[in-house]
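In what follows, a structure is listed as structure tokens, so that the remarks can point back to it.
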């Protein structure tokens, strides 16, 4: 007999994922991705990226928010793409440069 690759998947007490028809209080993969992207955005050191909203549907990351430059918009997208399980990123962030104060 061949041992299962993931023995915890065959034991109902330690099974990581529910079977079809079972409910689970564990977060979904999309929720896991959303939290991971938001944490990485917050860890960049760029304050504007901390307020970017992230929605994930079927592995596709949607980014929303107002950023001060196109560079920040690109950084947000690049950060989301660093996660290997992100299928695609749709960046809906708006670039709204801050007006400089009159001197």
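If you consider only alpha-carbon coordinates, what radius of gyration and Dmax does region 29-95 have, in Å?
10.5, 31
Working out 0.36 nm times the residue gap between residue 50 and residue 98, then minus their Cα-Cα distance, what length gain in nm do you get to one decimal?
Stretched out fully, the residue 50 to residue 98 stretch lengthens by 15.6 nm.
DSSP beta bridges in region 29-95, what fraction antiparallel, as a percent rounded to 5?
45 percent
Pop a pseudo-label 7 angstrom from the Cα along the beta-carbon direction at both residue 39 and residue 58 and give the gap in nm to one decimal.
That separation, rounded to one decimal, is 2.7 nm.
To make sure I understand, if each residue's beta carbon is the centre and we count other beta carbons within 10 Å, what order do 69, 28 fall in, fewest to most? Intermediate values should be presented prior to the final figure.
Values: 69 13, 28 10.
The most exposed by this proxy come first: 28, 69.
Roughly what would the spin-label model give for residue 28 and residue 88, points 7 Å off Cα along C-beta, in nm?
1.8 nm
Packing-wise, with mean Cβ within 10 Å as the measure, how do 42-48, 74-80, 30-36, 62-68 rank, highest first?
Most protected by this proxy first, the peptides run 74-80, 62-68, 30-36, 42-48.
No lab work stands behind these numbers, since they all come straight from the coordinates. Quantities reported herein were computed from a predicted structural model and do not represent experimental measurements. Note: ideal-geometry Cβ built from the backbone for every residue, glycine included; neighbour counts use all protein chains shown.
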